[in-house]
Amino acid sequence: MINIAIDGPSGAGKSTLAKMLAKKLGYIYVDTGALYRSIGLYMFDSGINPKDKDAVIEALSNIKIELRFENGTQKVYLNGTDVKDRIRLPEMSMYASLTSAIPEVRAFLLDIQKDMAKKNNVIMDGRDIGTVILPDAQVKIFLVASSETRAKRRYKELAEKGIETSYEEVLSDIIKRDENDSTRAVAPAVAAPDAVLLDSSDMNADEALDAALKIIEDKIR
Ligand code: DC
């Protein structure tokens, strides 16, 4: 199987790029952030403080997460319910970021990710795909962009979905999450030594796609 890992900070354009690549190459796109967001959502719905490590770990035994692909689109089922839309609520970003720092949460989601990549050609995006989940991926891309570019993109994305927020709020959320995600003790969002760095600050989606396709061709042709 061919495994392509795309890691990088929030809002760098990983999901847009990964979706385009998956379509172009005929691979399955696996959005691992959705798994962490589902855990966050469970804590939110259960009134569990995402910083209360013991309570989060205890709650894991009540959670069943499944990934299904329907018409080529990933759907996440949390205890049997499709949570694809609710996990995109802005509050869920911070819930996911906080709970994802807990090693037990990461261990809980390990097999589901590895299994996917074992059985399918995948483009998988996340934070630790190239370093922890798929250390043997044939291609690893670490996608970055300036915080301002990322905040602008995410703000536009949320506005298009009718989710109300301000640019300043989105920017401060991104900076806070970067800090959480890159400094945590387990699986911090850092580039694997063999990852290729791609800076999309001054690229549109098509340019980023072309750049990524070149990187992929170099590695697997
Ligand atoms: O990619 P995203 O914004 O949907 O991810 C939500 C949070 O989940 C993010 O702040 C960090 C965490 N995450 C992670 O720790 N590891 C991953 N592979 C994917 C996401």
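Of note:
- Excluding same-chain neighbours fewer than eight residues apart, no lysines are reachable from LYS53 by a Cα-Cα span under 17 Å.
- What the pair-distance distribution of the range 108-175 shows, using all Cα-Cα distances binned every 10 Å from zero, is 18, 34, 26, 22, 0 percent.
- Distance from the C-alpha centroid of the range 107-122 to that of the range 173-221: 20 Å, rounded to the whole angstrom.
- Dipole in debye (nearest 20) - the range 8-95, about Cα centre, beta carbon charges: Lys, Arg +1; Asp, Glu -1: 480 debye
- Per residue solvent-accessible surface (Å²) - the chain, probe of 1.4 Å: 49 Å²
- With 31 Å as the limit on Cα-Cα distance, the pairs of LYS23/LYS51; LYS14/LYS51; LYS84/LYS119; LYS24/LYS156; LYS24/LYS161; LYS24/LYS75 that go past it are LYS23/LYS51.
- Positive-end extreme of charge dipole, the chain - chosen from ILE57, MET1, LEU41 (charges on Cβ): MET1
- Residues SER166, SER93, ordered by accessible area of protein heavy atoms at a 1.4 angstrom probe radius and largest first, appear as SER166, SER93.
- ILE6 long-range amide H proximity, modeled H, under 5 Å: MET124, ASP125, GLY126, ILE141
- Residue among THR99, THR183, THR32 with the largest mean-square fluctuation in a Gaussian network model of the chain, springs linking Cα atoms under 10 Å: THR183
- DSSP bridge analysis restricted to the range 5-135 gives an antiparallel fraction near 55%, rounded to the nearest 5.
- Pairs of alpha carbons in the chain whose separation is greater than 24 Å (percent): 40 percent
- Computed FRET value (nearest 0.05) for ARG221 with ASN49, which takes r as the C-beta separation and R₀ as 35 Å: 0.10
- Carbon-plus-sulfur accessible fraction, the chain (probe radius 1.4 Å, protein heavy atoms only): 50%.
- Extended-chain gain in nm, criterion 0.36 nm per residue less alpha-carbon gap, ASP194 and ALA159: 9.0 nm
- For the chain, DSSP calls about 30 percent of its internal beta bridges antiparallel.
- If you take all other residues with their beta carbon under 15 Å from the beta carbon of LYS152, and give Lys and Arg +1 and Asp and Glu -1, the sum is -3.
The values are calculated or read from the model by the stated rules, or taken from the named source; none is laboratory data. Predicted model only: the values in this text are computed from it and were never measured. When we count neighbours, we look across all protein chains shown, and the Cβ atoms used for this are built from the backbone with ideal geometry, even at glycine. Surface accessibility is based on the protein's heavy atoms, side chains included, excluding ligands, DNA and RNA. Shrake-Rupley method; radii C 1.70, N 1.55, O 1.52, S 1.80 Å.
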